[in-house]
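**Student:** One structure is given below, represented as C-alpha cells, and several questions about it will come after.
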Amino acid sequence: MEKIAIYCQLIIAISVINVWVFRYDNIVKEFVQYGLSDLIRNIVGATKISLSTLLIVGIFYEKVVLASSLLMAFLMICAQIAHVSVKNPIVKYIPSFILLFLSLFVAGVNHGMI
C-alpha cells in the first residue's frame, strides 16, 4: 500500500502544479466565476503548490505527509463547495473529487488506517 500511496502523492502534486502553473489562465477565470478575490486565489495557489511540494518531500521524509495530505483534502472539499455554489456541470467536479479521494487515501495509508 505504501508504494501506491507514494504514486498517489506524485499524482496529486503533479496535477496541482500542472493546473496552478501551466493552466493558470483557467484558474483566473474560475475564481472570477466563483466571485473570489485575486488575493484569495493567490493564497489558495501558494498553499496548494506548497502542499504539493511537501507531498513530494514526503516521499523521503514521511513526517510531512499526513498534514499535507489532509490540508490538500480540505482544499479539495473547498473546491467542491465552490463548484456547487456556481452550479457547475458535474464534469467540473471530477478532478477535485479525484484529488480529494487520493489525498484521503494517502492520509489513511500514512496514518496506518489503510
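The values are calculated or read from the model by the stated rules, or taken from the named source; none is laboratory data. What you see is a predicted model; the values in this text were computed from it and never measured. Reconstructed Cβ throughout: ideal geometry from the backbone, glycine too, with neighbour counts over all protein chains shown.
**Student:** Inside the range 53-77, can you point out the residues that are under 13 Å from the mean Cα position of the chain (by Cα) and without any contact (Cβ under 8 Å) to a residue 24 or more places away in the chain?
**Tutor:** Of everything in the range 53-77, those that are under 13 Å from the mean Cα position of the chain (by Cα) and without any contact (Cβ under 8 Å) to a residue 24 or more places away in the chain turn out to be 54, 67, 68, 74, 77.
**Student:** Report the residue count in the range 83-114 for those that are surrounded by 19 or more Cβ atoms within 10 Å (Cβ to Cβ) and over 21 Å from residue 8 (Cα atoms).
**Tutor:** Adding up the residues that qualify gives 1.
**Student:** Scan the range 14-43 residue by residue and report those that are among the hydroxyl-bearing types (Ser, Thr, Tyr), loosely packed, with under 15 Cβ neighbours inside 10 Å and closer than 18 Å to residue 81 by Cα. First the steps, then the outcome.
**Tutor:** Quick first cut of the range 14-43, residues among the hydroxyl-bearing types (Ser, Thr, Tyr) only: 15, 24, 34, 37.
Filter once more, keeping what is loosely packed, with under 15 Cβ neighbours inside 10 Å: 24, 37.
Within the range 14-43, 37 is the sole residue that qualifies.
**Student:** Of all residues being modelled with pLDDT of 95 or more and either among the polar types (S, T, N, Q) or over 12 Å from residue 51 (Cα atoms) (or both) in the range 2-13, which is surrounded by the fewest Cβ atoms within 10 Å (Cβ to Cβ)? Just the residue, please.
**Tutor:** Keep residues of the range 2-13 that are modelled with pLDDT of 95 or more, which gives 3-13.
Right, trim to either among the polar types (S, T, N, Q) or over 12 Å from residue 51 (Cα atoms) (or both) and you get 3-9, 11.
On the way: 3: 8, 4: 12, 5: 21, 6: 17, 7: 13, 8: 20, 9: 27, 11: 15.
Selected residue: 3.
**Student:** Only one of these is modelled with pLDDT of 95 or more and out of contact with any helix residue (DSSP H, G or I) (no Cβ under 6 Å at 6 or more places or on another chain): 29, 48. Name it. Reasoning before the result, please.
**Tutor:** Working: 48 fails: out of contact with any helix residue (DSSP H, G or I) (no Cβ under 6 Å at 6 or more places or on another chain).
Step by step, each of 29, 48 is checked, and only 29 is modelled with pLDDT of 95 or more and out of contact with any helix residue (DSSP H, G or I) (no Cβ under 6 Å at 6 or more places or on another chain).
**Student:** Examine the range 29-47 for a residue that is in contact with a Phe, Trp or Tyr (Cβ under 6 Å, 6 or more places away or on another chain) and farther than 30 Å from residue 112 by Cβ, and state whether such a residue exists. First the steps, then the outcome.
**Tutor:** Applying the first criterion (in contact with a Phe, Trp or Tyr (Cβ under 6 Å, 6 or more places away or on another chain)) to the range 29-47 yields 41, 45.
So of that shortlist, the ones also farther than 30 Å from residue 112 by Cβ come out as 41, 45.
Checking the range 29-47: at least one residue is in contact with a Phe, Trp or Tyr (Cβ under 6 Å, 6 or more places away or on another chain) and farther than 30 Å from residue 112 by Cβ.
**Student:** With the requirement that a residue be of a type in the set (Gly, Ala, Ser) and touching a residue at least 40 places away in the same chain (Cβ under 8 Å), what does the range 78-104 give you? Walk me through how you get there before you give the answer.
**Tutor:** Step one: list which residues in the range 78-104 are of a type in the set (Gly, Ala, Ser), which gives 79, 82, 85, 96, 103.
Across the range 78-104, the qualifying residues are 82, 85, 103.
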